[in-house]
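Structure record follows, encoded as structure tokens.
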Amino acid sequence: MGFKQRVLGVVGDRLFAKGEILAVTDPAPDYRLIEIRSPAFWDRAWIPGAKIQINVGDWKVRTYTPVALDPKWGTLRILVYRHGDAPGARWAAQVFPGDTCRFIGPRASLRLPVAAAPLIVYGDETAIPTAASYAARGAGGPPAEGHAGTTETGTGQDPVTVHGVFTVRAPAQGAAVADALNLTHARFFAPGDHQARDTLVSLARIHADAPIVLAGHAQSVSQMRAWLRDQGVPVSRLKIKIYWADGRTGLD
């Protein structure tokens, strides 16, 4: 057990809020939607692109982007990509309604300009919840965290149109995931498919004022950033958010 885990084993119960698993559904074989209920979510401001950190066992903490938060009923949903034998994937596969969990957040992580509409998001499986969070509640400029005036309809801003371009291991599962998250403008491609980058460049040109979020795998994000720059897309339009890198996880 690492030093951080040993420390959290002593103080984690005091630092981390407690939640109950309310519902678990599988929109596609590799994905699991988990709904958590906790008083910590009551009257909580919805922050698109936020992060929540969850103890997935033995005080191994993994970070997720909430796809929905209902401050009236105190519920929050996350989408977990279940691939491999990583701690987060094992936790998601074994969790059931009625189980409890420990967490910190949600806290601000990725913020965009108030006028960020429409929005373009590129990334892998870990970027899908980021796109869904903005599609659900509108981009940018949320009230301060913990603002009691927040309602279940979100920040009070107009919904934002999110165009998602995702390179995933199982593109055929994309439609069901997008439907579950109300991502009506999402497109899914296999890793290395040149149609993904061509689609992204086309969207960048059609929506010339739209911010472009590149999120997820560090190496893939770096390659796409270079490709967009070579195609004349201004770097100032890009917002980078790294969630993991080869040999490393939990970077955010």
request  = Order these peptides, 64-71, 19-26, by their mean beta-carbon neighbour count within 10 angstrom, highest first.
outcome  = 64-71, 19-26
ask   = Ranked from highest to lowest mean number of other Cβ atoms within 10 Å per residue, what is the order of the peptides 197-208, 179-190?
value = 179-190, 197-208
query = Which lysines have a Cα less than 19 Å from the Cα of residue 18, not counting those fewer than 8 places away in the same chain?
reply = 51, 60, 72
request  = Treat the count of other C-beta atoms within 10 Å as a stand-in for reagent exposure and order 60, 18 from fewest to most.
outcome  = 18, 60
query = Using a Förster distance of 41 Å, how high is the FRET efficiency between residue 73 and residue 230, based on the Cβ-Cβ distance and rounded to 0.05?
reply = 0.30
ask   = When the C-alpha atoms of the range 65-121 are aligned to their principal axes, what extent does each axis show, in angstrom, from largest down?
value = 41, 31, 17
For residue 112, residues with placed amide H under 5 Å, excluding near neighbours = 140, 141
key: Per-selection Kirkwood Rh - the range 3-107 (Cα, Å, 1 d.p.)   = 13.9 Å
note = Length gained, residue 83-residue 107, 0.36 nm per residue minus C-alpha separation, equals 6.1 nm
remark   = The alpha-carbon pair-distance distribution computed for the range 167-252, with 10 angstrom bins and whole-percent values, is 15, 44, 37, 4
ask   = Under a plain spin-label model, where a point goes 7 Å from the Cα along Cα-to-Cβ, how far apart in nm are residue 245 and residue 24?
value = 3.3 nm
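All of the numbers you see were taken from the coordinates with simple rules; none came from a lab. Only a predicted model underlies this, so the values are computations on that prediction, with no experimental measurement involved. No Cβ is skipped: glycine too gets one built from the backbone with ideal geometry, and neighbour counts run over all protein chains shown.
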